[in-house]
Amino acid sequence: MSAKFEFKNESLVIFGIWDKNSIADLKLKDFIKKNFKQNLIFDFKHLEFIDTAGVRFFLALEYDLSSKGIKIEKLNLNPNAQSLFELCQKNYQRISQIKKSKTKSNLKEYFIELGIFTHTLLKILKKFINFTGAFFVSVFLCFKKPRNFRFISFLYHIENSSLKALPIIILTSLLIGIVLAYQAAYQLAQFGANIFIVDLVGISATRELAPLISAIVIAGRSASSYTAQIGVMKITDEIAAMNTMGFRSFEFIVLPRVLALVVAMPLIVAVSDFVSIFGGMVIAKINLDISFEEFLKRFAEAVALKHVIIGLIKAPMFGFLIGIIACFRGFEVKNTTSSIGIYTTKSVVNAIFWVIAFDAIFSVVLTQMDL
């Protein structure tokens, strides 16, 4: 017998077999379209069999009717069906609460979530400011006692984090110079202004592109390395052991890494300047027939020294941003291996974002100063 029902007074009498097959064509709207009073009785006296699909059907019906203020009562359930109802009802109530909490979206909750998010960001900003202040305190203490500065570690990080990055910096800068000159060559040739390719490549490369590209590459390469190294040290309790023995973790861990980037970044940017300009010279020779001698002569005339200096001034500031953010995220790593990946990703993303943001600030300020 298929699933059937019949309304009698205030009762809903259930007949037959209620399983996943027999209830496939039944819909809740067939039940709730009737105008019930404040009470409704489910009479299961003639129920032959019911499975979890049938129970789920009745629970959904009961939930919809109760939301309209209609009280539900179940009668004549056999022990097996009663226990199945009780078991399914526990899980159904929990799922209903989860769905209700997910679908409940109003302006108040939106501002609550926004407030929580803002509060979290402010807490992170406060921690970062404290971290930066502790770094400058360590720098001051090292000036007072230079012997405390780990010079060997400083040189190691210059070599490992900066000098070993030169191959990828050279390749990236060469491609940037080639692409920039190649795109400019076609446009300039239309107007017979071939020589101005020197101005375009020289100023844009030395002032903006070389420092920015170098910083982005170093952020992706070295910031991730710093964060992962410090994170592993934190998980293995090396930092805790260091602090227990009375050593300042900033002087041993943070200071050499950050200062290594501050010192090495101008060198990296200088190499990037040279390589990107060389890439522009090659394209100018091939596409516009401008010789290397003519290119260099025009470069000396058109590209003021201030553009090169501005690019070199940006470099140590970018290095400081990358290093301090990477170390800060490393100290935020929790005692789980998954957090290393999480905070390494955050480190790279934050470093690249702030490098680009500060580069934009530099551009606006220096332009307003007519530099």
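The values are calculated or read from the model by the stated rules, or taken from the named source; none is laboratory data. Because the structure is predicted, anything quoted here is derived from the model rather than measured. With ideal geometry, Cβ positions are generated from the backbone for all residues, glycine too; neighbour counts draw on all protein chains shown. The area values use the complete protein model at the heavy-atom level, side chains included, leaving out ligands, DNA and RNA. Shrake-Rupley method; radii C 1.70, N 1.55, O 1.52, S 1.80 Å.
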Query raised in the report: In percent, what relative contact order does the chain have, based on Cα pairs under 8 Å that are 6 or more apart in sequence?
Result: 17
Query raised in the report: Under a 5 Å amide H to amide H cut-off, with H placed in plane at 1.01 Å, what residues pair with residue 11 once short-range neighbours are removed?
Result: 41
Report summary line: Taking Cα atoms only, helix 79-103 is inclined relative to the longest principal axis of the chain by an angle, in degrees rounded to 10, of 40
**Report entry** Heavy atoms of residue 132: accessible area, 1.4 Å probe, square angstrom to 10
**Finding:** 20
Query raised in the report: How far is helix 52-66 tilted, in degrees, relative to the longest principal axis of the Cα atoms in the chain, given as a value from 0 to 90 rounded to the nearest 10?
Result: 90
Query raised in the report: Of the peptides 354-361, 212-219, how do they stack up when ordered by the mean number of other Cβ atoms within 10 Å, highest first?
Result: 212-219, 354-361
Query raised in the report: Amide H to amide H, which residues 5 or more places from residue 71 or on other chains are under 5 Å from it, using H placed in the peptide plane?
Result: 39, 40
Query raised in the report: Taking amide hydrogens as modeled 1.01 Å from N in the peptide plane, which residues meet the under 5 Å criterion relative to residue 50, leaving out close sequence neighbours?
Result: 18
Report task. Please give the per residue accessible area of the chain, computed with a probe of 1.4 Å over protein heavy atoms only, in Å². Result -> 57
Query - DSSP-defined beta bridges in the chain - what % are antiparallel, rounded to 5 - result: 30
Report summary line: Judged on accessible area alone, 1.4 Å probe, highest first, 147, 56 line up as 147, 56
Query - For the range 93-239, diffusion coefficient by Stokes-Einstein and Kirkwood Rh (Cα), 25 °C, 0.890 mPa s, µm²/s - result: 115
Query raised in the report: Under the rule of -39500 (n - 2.57) per DSSP H run of 4 or more residues, summed and divided by the residues of the chain, what mean residue ellipticity at 222 nm is obtained, to the nearest 500 deg cm²/dmol?
Result: -23500 deg cm²/dmol
**Report entry** Listed values (1) 19.5, 64; (2) 19.6, 59; (3) 35.0, 104, entry calculated as Rg and Dmax of the Cα atoms in Å
**Finding:** (3)
Query - Nearest-ten-degree value, helix 107-144 long axis tilted from longest Cα axis of the chain - result: 30
Query raised in the report: Ordered by residue, what ³J(HN,Hα) values in Hz, to whole numbers, does the range 239-244 give under the Karplus form 6.51 cos²θ - 1.76 cosθ + 1.60, where θ = phi - 60° and Gly and Pro are x?
Result: 5, 4, 5, 4, 5, 5
